[in-house]
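Just so it is clear, none of the values below were taken in a lab; they were calculated from the coordinates. It should be emphasised that the depicted structure is a prediction, and the values quoted were computed from it without experimental measurement. Cβ sites come from the backbone with ideal geometry, for glycine too, and all protein chains shown count toward neighbours.
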Amino acid sequence: MPITHKTPLLDELEKGPWPSFVTDLKRAAEEGGSDTANDLLGQLELSYVQKVGHWKHGGIVGVFGYGGGVIGRYTDVPHLFPSVEHFHTMRINQPASKFYSSDQLRTLADIWDKHGSQITNMHGSTGDIIFLGCRTEALEPCFADLTAHGFDLGGSGSALRTPSCCVGKARCEWACLDTQDITYNLTMTYQDEMHRPAWPYKFKFKTSGCPNDCVASIARADCSIIGTWRDDIRINQDEVKNYAESGLDIQQYVIDLCPTKCISYEDGEIQIDNKNCTRCMHCINVMTKALRPGTDTGATILIGAKAPILEGAQMGVSEWES
Amino acid sequence: MAEEKQERITDIGPPKYDTAWTPFIKENYGKWLYHEELEPGVLMHVSETGAKLWTVRIAGTRLMSTLHMRDLAAIADEFCDGLLRFTTRNNIEFLITDEAKLQSLKDKLKADGHAIGGTGAGITNIVHTQGWIHCHTPAIDASGIVKAVMDELFEYFHDKRLPNKVRISLACCLNMCGAVHCSDISILGVHRKPPLIEHDRLLNVCEIPTTIASCPTAAIRPYNFEDEEGKQVKSVQVNNERCMFCGNCYTMCPAMPLADPVGDGVALWVGGKVSNARSMPKFSKLAVPFLPNNPPRWPETVEVIKNIVEVYAADARSYERVGEWAERIGWEEFFKKTDIAFTPFHIDDYRFAMTTWRSSTQFKFTD
């Protein structure tokens, strides 16, 4: 189906080496026949001309028995772009650390083609699968199809927001925690609190397997769970020698950058004063084959991080270690 | 109706995390020994069992059609036994266990126009928000700025290396759905004008006490007046001198919009990080208080960001993140080297003033 709106400004975003969301939206309209994608392009072009957004504030919509998971959205120019008159978001809880089978992806695509706009976010910032642009009357049948295929809605509003985590032990040697299992268990424990907002404000759990914190939990989770270890960093001295032979300047790039100066390199071997190590990960990050976290692993839990600058952003504060 | 309710499935949660895992992932779970970055975008993980897993990472657009999803699924079927994953930063990872397929997977991804990269000491994908695509409070667009910035920084995603990784994030307003405040470079949409008050509908759509309480600077107060027709109107008014344009009142009260084409724009922040490596996690600090909202390619914003990256690339030591570099050379030097003006806007005289203002004599008296 041809696109019915002229989009000279958006067309500029089809140029360049980075993948273009404009090209993809056009494909959804032209090849996929999505009226919603067509009118979304039209409205976005208008925003690019006028330099303001065109989505109205709020709108309480949802699925029966839930108080969250759907964000109501309506255009303020429905006479120009009728297919985005309703443009609600459905947040769908992602599998922890976002592994999918191709069948699961196609199932999601089939459900969304049937009930919605063909436009998604893979994923939203919090971690959910996002279906963008649902009409009110399609919410309930879409939800029924999702649950029939093993998917459920995520969190929104003053509720537990969908927990998320890093890739963890599924593909990382540094994971000191079963990040997916923690995330899954928290998610299942708090289903009611996620789907029926009853808390003073939003609340986020995020779990990272090590202090590199690949899900940025320390910056944005009310409760941040970060893997760590209490015993000694494991050293493979043979691999230390291999690094030296391959030309890595161990003194300059590993030893001198240790924040507590607890690591030394003499006679071709690395020694670590583990009592003075703060588990910062730098040496391990640089010498992945020679150094690994210890085996007495657990979690540091930090409380109180948040992003909104309104009252000043906050980072998490360590509460206790186990 | 009652029967329908009984059949309804609710509160089942997400698919369990391992439903998509192949036997290979399950067998090597928790057994990973080390990994190597073979080239930007290609990782090799080696298990204690001796098994190897190759990961090829490509840039995702986050905003994605179901047609695009089906393409990704088809590639996973052809090369990866149907397995793929998405990263926290909107990248897509294809995982293969047969090294013989690595080159053909890369060739296929390139042929389909995908961008391979985003690992290690370079610039990976930008975490971002919805902007004009879906949000009701944005000061700027999101996807368009991300596209414009990453087009310009593409070489750092694809092959060019930096002293360390540079994490860029974008939030289209101060509500900070993008949680950009601990990034090497943050792009933040800001407003510069106080809200307009729609007195004729405010009482119908807003609660006046919650609206007043929403203001962090106590700039909103009740305002009762008689309109031109002699009708008593209950509303609020804003002390504009106290307003810091945060938009929290608009979140509470839709009759107080503050978006406008000239007042809204981009602020840039630098030097944050979430990793605990070497130095502690840090907040990003203000670099540029305002750049114009200039679609479709935001050239002013792109130019400043590219310059920061290039100066960092030339001047930082290996493994220094942007914030670690700026702290070593001193922030005075950061502003000088990047040719960014230091203005009164950079001084926080609000919440953090007592803890962040200089309390030492350790100046570098450079000219």
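Taking a ≥ b ≥ c as the square roots of the eigenvalues of the alpha-carbon gyration tensor, region B:1-105 is classed prolate because a/c is 1.5 or more and a/b outweighs b/c.
Other residues with beta-carbon under 12 Å from the beta-carbon of A:Gly294 carry, at +1 per Lys or Arg and -1 per Asp or Glu, a net charge of +1. Quick one: grab the alpha carbon gyration tensor of region B:328-367, order the square roots of its eigenvalues as a ≥ b ≥ c, and give me rounded if a/c is under 1.5, else prolate or oblate depending on whether a/b is larger than b/c. Taking the square roots of the gyration eigenvalues as a ≥ b ≥ c, region B:328-367 is oblate. Rounded to the nearest whole Hz, the Karplus-based 3J(HN,Hα) values (6.51 cos²θ - 1.76 cosθ + 1.60, θ = phi - 60°) of region B:184-191 follow the sequence 4, 9, 10, 10, 10, x, 10, 9, with x at glycine and proline. Please report the net charge: other residues with Cβ closer than 11 Å to the Cβ of B:Leu258, K and R +1, D and E -1. Neighbourhood net charge equals 0. Of the GluC sites (Glu not before Pro) found in region B:265-367, no site is in coil according to DSSP while having at most 11 other Cβ atoms within 10 Å of its Cβ. The modelled label-to-label distance between A:Tyr265 and B:Glu228, using points 7 Å beyond Cα along the C-beta direction, is 7.8 nm. Computing FRET efficiency as 1/(1 + (r/R0)^6) for B:Glu27 and A:Asp103, where r is the C-beta to C-beta distance and R0 is 22 Å, gives about 0.60.
Simple point charges give the picture: +1 on the Cβ of Lys and Arg, -1 on the Cβ of Asp and Glu, and for region A:84-178 a dipole about the Cα centre of about 280 debye. The lysines within cross-link reach of A:Lys306, meaning a Cα-to-Cα straight distance under 18 Å and a gap of 8 or more places when in the same chain, are A:Lys202, A:Lys204, A:Lys206, B:Lys273, B:Lys282, B:Lys285. Toward the positive end of the charge dipole of chain B, with +1 on the Cβ of Lys and Arg and -1 on the Cβ of Asp and Glu, the farthest Cα among B:Pro261, B:Val311, B:Cys135 is that of B:Val311. List the aspartates and glutamates whose alpha-carbon lies under 17 Å from that of A:Lys169, not counting same-chain residues fewer than 8 positions away? Within reach: A:Asp178, A:Asp181, A:Asp213, A:Asp296, B:Asp18, B:Glu27, B:Glu36, B:Glu48, B:Glu93. Descending by average beta-carbon neighbour count within 10 Å, the peptides B:61-68, A:13-20 line up as B:61-68, A:13-20, the highest first. For region A:213-322, the calculated P(r), taken from all Cα-Cα distances in 10 Å bins from zero up to the bin holding the longest distance, is 14, 37, 27, 17, 5, 0 percent.
Cross-link partners for B:Lys147 among the lysines, with Cα-Cα distance under 21 Å and sequence neighbours closer than 8 places in the same chain left out: A:Lys6, A:Lys15, A:Lys26, A:Lys51, B:Lys110, B:Lys160, B:Lys165, B:Lys306. Per the Debye calculation on region A:1-114 with a single equal scatterer at every Cα and no solvent contribution, log₁₀ I(q)/I(0) for q = 0.11 Å⁻¹ amounts to -0.46.
Principal axis extents of the Cα atoms in chain B, from largest to smallest and rounded to whole angstrom, are 81, 79, 36. Taking the Cα centre of chain B as reference, the dipole from Cβ charges on Lys and Arg (+1) and Asp and Glu (-1) amounts to some 860 debye.
When the alpha-carbon atoms of the protein assembly as shown are used, the pair Rg, Dmax equals 25.1, 92 angstrom. Over region A:173-322, calculate the relative contact order: mean separation of alpha carbon pairs under 8 Å at least 6 apart, over the residue count, as a percent. Relative contact order for region A:173-322 comes out at 28 percent. What does the C-alpha gyration tensor say about the overall shape of region B:294-364? Classify as rounded when a/c is under 1.5, otherwise prolate if a/b is larger than b/c, or oblate. Judged from the Cα gyration tensor, region B:294-364 comes out oblate (a/c at least 1.5, b/c at or above a/b). Computed from phi, the 3J(HN,Hα) profile of region A:240-246 under the Karplus parametrisation 6.51, -1.76, 1.60 (θ = phi - 60°) reads 4, 4, 4, 4, 4, 5, 7 Hz, with x in place of Gly and Pro. Sorting B:150-160, A:188-198 by their mean Cβ neighbour count within 10 Å, with the most densely packed peptide first, gives B:150-160, A:188-198. Averaged over peptide A:125-135, the number of partner chain Cβ atoms lying within 10 Å of each residue's Cβ comes to 3.
Each Cα pair under 8 Å and six or more residues apart adds its sequence gap; the mean of these over the residue count of region B:149-261 is a relative contact order of 26 percent. In the elastic network of chain B, a GNM with C-alpha springs shorter than 10 Å, the most mobile of B:Val190, B:Val311, B:Val322 is B:Val311. Only helices enter this figure: runs of n ≥ 4 DSSP H residues, each worth -39500 (n - 2.57), summed and divided by the residues of the protein assembly as shown, yield -8000 deg cm²/dmol at 222 nm to the nearest 500.
For the residues of A:112-123, the average number of beta carbons from a partner chain within 10 Å of their own beta carbon is 5. For chain A, the longest principal axis of the alpha carbon atoms and the long axis of helix A:35-50 meet at an angle near 80°. Protection proxy ranking for B:87-99, A:169-181, B:216-228, using the average of other Cβ atoms within 10 Å per residue and placing the highest first: A:169-181, B:87-99, B:216-228. Top mean-square fluctuation among B:Cys206, B:Cys249, B:Cys172, Gaussian network model of chain B, C-alpha springs under 10 Å? Comparing B:Cys206, B:Cys249, B:Cys172 in a Gaussian network model of chain B, the most mobile one is B:Cys206. Take the Cβ atoms of B:Phe290 and A:Asp11, set R0 to 25 Å, and the FRET efficiency comes out at 0.35. For chain A, a Gaussian network of Cα nodes joined below 10 Å ranks A:Ser117, A:Ser158, A:Ser47 by mean-square fluctuation, and the top entry is A:Ser47. At 1.567 mPa s and 4 °C, plugging the Kirkwood radius over alpha-carbon pairs of region B:34-159 into Stokes-Einstein gives what diffusion coefficient in µm²/s? D, rounded to a whole number, is 83 µm²/s.
In a shell of Cβ-Cβ distance under 9 Å around A:His88, excluding A:His88 itself, what net charge do Lys and Arg (+1) and Asp and Glu (-1) give? Counting the neighbours of A:His88, the net charge comes to +2. Here each label is just a point 7 Å from Cα along the line to Cβ, and for A:Lys114 and A:Glu85 those points are 2.5 nm apart.
Within region A:50-141, all pairs of alpha-carbon atoms sorted by distance into 5 Å bins from zero give the percentages 3, 13, 22, 24, 19, 11, 6, 2, 0.
At an R0 of 45 angstrom, the distance between the Cβ atoms of B:Tyr350 and B:Ala100 translates into a FRET efficiency of 0.15.
Take each residue of peptide B:39-45, count the partner chain Cβ atoms within 10 Å of its Cβ, and average: the result is 1. Across the options A:Asn274, A:Phe21, A:Val286, the greatest Cα extent toward the positive end of the charge dipole of chain A (unit charges at beta carbon of Lys, Arg, Asp, Glu) belongs to A:Phe21. Compute the relative contact order of region B:22-121 as a whole-number percentage, counting only Cα pairs closer than 8 Å that sit 6 or more residues apart in sequence. The value is 29 percent.
Provide, as a two-decimal number, the C-alpha radius of gyration of chain A over 2.2 N^0.38 Å, N being how many residues it has.
1.22
Each label was represented as a point 7 Å from its Cα along the Cα-to-Cβ direction; for A:Asn276 and A:Asp249 these points are 2.3 nm apart. Counting Cα-Cα pairs of region A:63-205 in 5 Å increments starting at 0 gives whole-percent bin shares of 2, 10, 18, 21, 19, 15, 8, 4, 2, 1, 0, 0. Rounded to the nearest 20 debye, the dipole size of the protein assembly as shown about its Cα centre is 940 debye, using +1 on the Cβ of Lys and Arg and -1 on the Cβ of Asp and Glu.
What is the ratio of the Cα radius of gyration of region A:141-233 to 2.2 N^0.38 Å, with N the residue count, to two decimals?
Compactness ratio reported: 1.21.
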